[in-house]
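J.: Okay, handing you the structure first.
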Amino acid sequence: MNKKIIVTGGAGYIGSHTVVELVAAGYEPVIIDDFRNSRSWIIDRIAELTGKSPLGYAVDCADEKEVLSVFRNHNDIAGVIHFAAYKAVGESVQKPTMYYQNNIGSLCTVLNAMKETGISNLVFSSSCTVYGQPDKPEVTENTLIQKANSPYGDTKIICERIVESVLASGQNIKGALLRYFNPIGAHPTSKLGELPNGIPNNLVPYITQTAAGLREQLVVNGNDYNTPDGTNIRDYIHVVDLAKAHVKAIEWLERQTKNCCEAFNLGTGKGSSVLEIIHNFEKVNGVKLNYKIGPRRAGDVEQIFANPSKAEKELGWKCQYSVADALKHSWDWEKTL
Ligand code: UD1
């Protein structure tokens with residue numbers, strides 16, 4: 001029998017791609033997602049891609065009773081991947097308590113259910129936002145964790161600390177804190193991809209919606225930064241590569257013989273500027289983007305990219321897709337919407 005993995009937020013952008021990779025690797029995902037920020041038809045797409053309907057529960061991940069009952073329904077769970085969380089930086093500034101309550105509350109609920117049912121393996125979705133603006137743009141897992149720029153970022157720092165505190169408390173836990181850089185792209189079949197709510201905040205969905213005519217013009221948030229072309233530098237990683245890292249993280253946790261909590265950078269190791277992304281998108285897709293240079297966006301980090309050596313060495317994982325592949329897949333997906 002396949003080993004079951006509970007995937008909270010399994011119908012979301014990164015979650016859905018991860019569910020597909022889990023099935024491909026021989027696991028049986030059990031999805032907990034109340035679809036407040038995702039679509040239920042994504043489950044049908046996962047079934048189309050994998051040939052299997054995944055088990056799913058429409059449950060709020062902060063609901064202690066319901067979550068525990070899902071955990072108790074299955075007695076052969078090998079681990080939990082906890083994606084379910086709010087992720088819009090700007091919204092978190094407007095609604096801080098909603099972010100703290102949901103993101104921290106749901107992690108605590110999951111950790112309590114794991115304790116109750118004796119599950120130790122946890123993969124947690126963290127973010128490169130924990131590094132703030134680092135002194136050097138290339139960051140390793142030992143780079144200083146800085147005060148967060150937003151309540152969203154703060155929830156990631158706090159959640160990492162919660163997992164560490166639970167380990168220190170003596171609960172049997174093996175934790176992998178995955179620090180994502182900038183996930184972009186879509187499934188190469190165009191069956192899965194990002195579904196932003198309303199006007200996108202993130203660069204690539206804004207680009208694809210502008211190319212599709214849904215947005216009039218893309219605004220580049222400042223070109224007076226201390227970078228070669230003056231625009232911000234980020235490490236853009238294909239969502240399928242990111243999804244595969246979760247499978248590797250589960251396998252890594254299964255190999256650990258002692259309780260532990262380790263952070264891993266998930267990025268390509270290469271930074272791209274906003275203008276490079278725009279020009280790469282135009283080139284690979286043969287479309288012209290209407291864009292202009294605007295002012296800086298408050299809270300933006302000037303430049304950051306991953307040193308992914310630890311994930312490569314310990315998880316045995318490496319990115320396979322290029323940024324150009326990801327920009328092509330994002331556009332292919334947008335055209336299906
Ligand atoms: C942010 C968060 C990250 C979070 C991610 C997902 C920080 C430091 N980073 O990433 O933790 O996981 O959002 O919500 O808080 N840009 C434009 N025009 C646009 C949109 C974006 O020029 O219309 C620029 C931004 O200024 C930035 C780059 O594109 O330089 C990437 O922006 P975005 O996609 O929003 O991601 P981050 O801010 O890097």
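Each value in this text was obtained by applying a stated rule to the coordinates, not by laboratory testing. Predicted model, so just to flag it, every value in this text is computed and none were measured. Neighbour counts run over all protein chains shown; Cβ positions are idealised from the backbone, glycine included.
J.: Is the stretch 102-117 home to any residue that is within 14 Å of the chain's Cα centre (by Cα) and not charged (D, E, K, R)?
T.: yes
J.: List pairs: first residue in the stretch 293-305 and among the charged types (D, E, K, R), second residue part of a loop (DSSP other than H, G, I, E, B) and near the ligand (Cβ under 9 Å from one of its atoms) anywhere in the structure, Cβ distance under 6 angstrom, at least six positions apart or on different chains.
T.: Listed pairs, sorted by first residue: Arg296/Gly222; Asp300/Asn232; Glu302/Tyr225.
J.: Is at least one residue of the stretch 260-281 within 30 Å of Val166 (Cα to Cα) and touching a Gly at 6+ places or on another chain (Cβ under 6 Å)?
T.: yes
J.: Hand me the list of strands (runs of 3 or more DSSP E) wholly inside the stretch 227-322 holding 2 or more residues that are touching a Ser or Thr at 6+ places or on another chain (Cβ under 7 Å) and closer than 18 Å to Leu203 by Cα.
T.: It comes to 236-238.
J.: Within the stretch 38-56, which residues are assigned to a helix (DSSP H, G or I) and not small (Gly, Ala, Ser)?
T.: Taking the stretch 38-56 and keeping what is assigned to a helix (DSSP H, G or I), we get 41-50.
If the condition is that a residue be assigned to a helix (DSSP H, G or I) and not small (Gly, Ala, Ser), then Trp41, Ile42, Ile43, Asp44, Arg45, Ile46, Glu48, Leu49, Thr50 are the ones that fit.
J.: Right, here's the next one. Looking at Tyr225, Tyr131, Tyr152, which is the one that is within 15 Å of the ligand (Cβ to nearest atom), within 15 Å of the chain's Cα centre (by Cα) and either buried (at least 21 other Cβ atoms within 10 Å of the Cβ) or over 22 Å from Ile42 (Cβ atoms) (or both)?
T.: Tyr152
J.: Could you check the stretch 241-259 and list, in sequence order, the residues that are more than 29 Å from Gln133 (Cβ to Cβ) and not basic (Lys, Arg)?
T.: Val247, Ile250, Glu251, Trp252, Leu253, Glu254, Gln256, Thr257, Asn259
J.: Could you tell me which numbered condition Ala306 fails, if it satisfies all but one of (1) touching a Leu at 6+ places or on another chain (Cβ under 8 Å); (2) within 12 Å of the ligand (Cβ to nearest atom)?
T.: Looking at each condition in turn, Ala306 falls short on (2).
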